[in-house]
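Okay, structure first, notes after.
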Amino acid sequence: MRFVFSLLLISIFFTTSLFAEAEPKLTAEELAQNKELALQERITNLKKNLQSIENEIDDNNVWMKSYSSYLTSLEIKNSLEKIKKRIDYLAKYAKSTSDRDELNALISKENILSLQVEKLKGESDAPFSKLITPPAIHENIEISNPFDIFTGLSLIKTLNENVDEYKKKQENLNDLVLLLRKESEIYSDLVSLDTKEQFKDAAKEKKTQLERFETALDTMSVTLNVYEQRLEIVETNINKSIETQVYRLAKIGTIILFVFLISFLLKLVIKKYITDNQRFYMANKIITFANFSLILLILFFNYIENAGYLVTILGFASAGIAIAMKDWFMSILGWLVIVIGGSINVGDRIRVDMDGMKYVGDVMDISLLRMTLLEDVTLTSVLDNRRAGRIIFIPNNYVFTRMISNYTHNSLKTVWDGIAITITFDSNHKKAMHLTREIAKKFSKGYTDITRKQLNKLRQHYSLKNTNVEPRVNALIIENGLSIETWYLTNAYATLTLRTVISTEIIDAFNKEDDITIAYPTQKLNVSMRSQETSPHQHEIV
């Protein structure tokens, strides 16, 4: 087998020798020409490859723009230094007019280039300082309340986006460095092949450019590693703070839910055992107020780290707050006086004097800042307002500055009402007073008995001397006759009803009597015939 292989090699060698002897021999000049053609073809191919790579390198690339700005800044700076030297020389030795013109032109050019250098400030020191510097990381992030949770999550998202953008810049730079390496290798080949050294300077510039881009890439790789480690630490701290706030929020939510549950149970208890609507309403209001006050205290002590600092701030700001919110503070103080003092309760009928107007109605609600009054049809609305049914909002601070009358305070639910009717002087006034007294007794007897019991209860809280509850009849002399004043007790919520009944009964009783005449303004006309000189149409009114 080895012998056969040896014979095969020998045959191949002889065959090759025969073909080689058959080829024509080239002269030295032809060999040189062929070598030159091969060299030119090689250079042409390298130029084509170089052109292809340069087309791939986009001039709009942010890295190339930064490097171009760097080179421009260097050129401007060098030009400016030369101009300054020339200006210094001409300032000392300029004699001719052309020298002075050149000096003025150079000064103008210096000003323009100085502005350009100011705009490109920082570019001449480092070509990629802004691009390789990552976005700042705020490491001292404090999440002290639930609202900061959203801030922390947003910050993590922003930091991750910054990292992704920084990685994209690095990838872009890495691709650019690969192209620049190929370009530099081609220039090196061209320098080695070109005997005229026409590519030597360009190859040197490309090599310097590649070194700067490679340095920027190495710096960016190291910076990215450090940046990611810092970002990981910051994200860990933010996540821990968010977990802490979520746990605190869950704990506070549980406590608040427990407070609401206690409040709900208390409201069920008072609803079961308190049958009086007014007391139930006030108890319900107190529980609601205490509930929200307790919740505010819980939130206050959980999210105010330095309560003493807050108190100090409030102490300095209290004067301005007191002036700016005087009415609010007075209304809150009035609410405390109303609720604790019990002078006015929901359901009471009151009268309030406001801006020259009088409003009578029932209290529907007593909030922290105001009372809500439903205006009813009363004697006041009939005689004065001529309006009723309105919802009146009364600030609580009116208890200190306005006249507020309560018709149904405590257990007292009746009021005195009076009717005045005038009779002539020649009427039987004793009979008239007797009739009005009997009518008033008849129709107000029920309210009289109720008032007697209510006043006995009221003695437990107040000093009462005059407790006469029987109807009262007085006779007063006035200009047109004798005024019979009748006063009786009636329901505070329905004074007009009983007033109408008693008034009509008195009128009917007086009209039945011959010796009682109801007086009202009258006129007498006296006509007398005098002398003929007096016109018969003239008359005198007395």
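The amide H of residue 348, built 1.01 Å from its N in the peptide plane, has 363 as neighbours under 5 Å, considering only residues 5 or more places off or on other chains. Take the Cα of residue 476, step 7 Å toward its Cβ, do the same at residue 494, and the gap between the two points is 2.9 nm. Separation of the range 489-522 and the range 50-97 by C-alpha centroid, Å? Their Cα centres are 114 Å away from one another.
Applied to the range 447-455, the Karplus parametrisation 6.51 cos²θ - 1.76 cosθ + 1.60 on θ = phi - 60° returns per-residue 3J(HN,Hα) values of 5, 5, 5, 4, 5, 4, 5, 5, 5 Hz, with x for Gly and Pro. Label sites at residue 55 and residue 354, each approximated as a point 7 angstrom past Cα along Cα to Cβ, lie 8.7 nm apart.
Extension gain for the segment residue 441 to residue 329, taken as residue separation times 0.36 nm less the Cα-Cα distance, is 35.4 nm to one decimal. Note on residue 130 and residue 150: with the Förster distance fixed at 25 Å, the Cβ-Cβ geometry gives a FRET efficiency of about 0.20. Report the calculated FRET efficiency for residue 39 and residue 214 (r = Cβ-Cβ distance, R0 = 25 Å), to the nearest 0.05. The value I calculate is 0.25.
Summarising the amide proton neighbourhood of residue 354: residues at separation of 5 or more, or on other chains, whose placed amide H is nearer than 5 Å comprise 359.
Given their separation in residues at 0.36 nm each and the Cα-Cα distance between them, residue 92 and residue 226 gain 42.7 nm when the chain is fully extended. With 32 Å as the limit on Cα-Cα distance, the pairs of 82/169; 82/204; 65/204; 84/206; 358/441; 157/206 that go past it are 82/169; 157/206.
So, in Å, what gap is there between the alpha-carbon centers of the range 465-487 and the range 363-436? Between the Cα centres of the range 465-487 and the range 363-436 lies a distance of 19 Å.
Does anything in the range 31-65 have its amide N under 15 Å from the 7 Å Cα→Cβ label point of residue 179, and if so which residues? Zone members listed by number: 49-65.
Between the residues 246, 159, 141, the greatest Cα displacement towards the positive end of the dipole of the range 133-257, with unit charges on the Cβ of Lys, Arg, Asp and Glu, is found for 246.
Highest mean packing first, where packing is the average number of other Cβ atoms within 10 Å per residue, the peptides 414-423, 78-87 line up as 414-423, 78-87. Between residue 449 and residue 200, the modelled labels are 13.6 nm apart [label points 7 Å from Cα along Cα→Cβ].
Bear in mind these aren't lab numbers, they're just calculated from the coordinates by the rules spelled out. Since we're looking at a predicted model, the values are computed, not measured. Cβ atoms come from the backbone with ideal geometry, glycine included; neighbour counts cover every protein chain shown.
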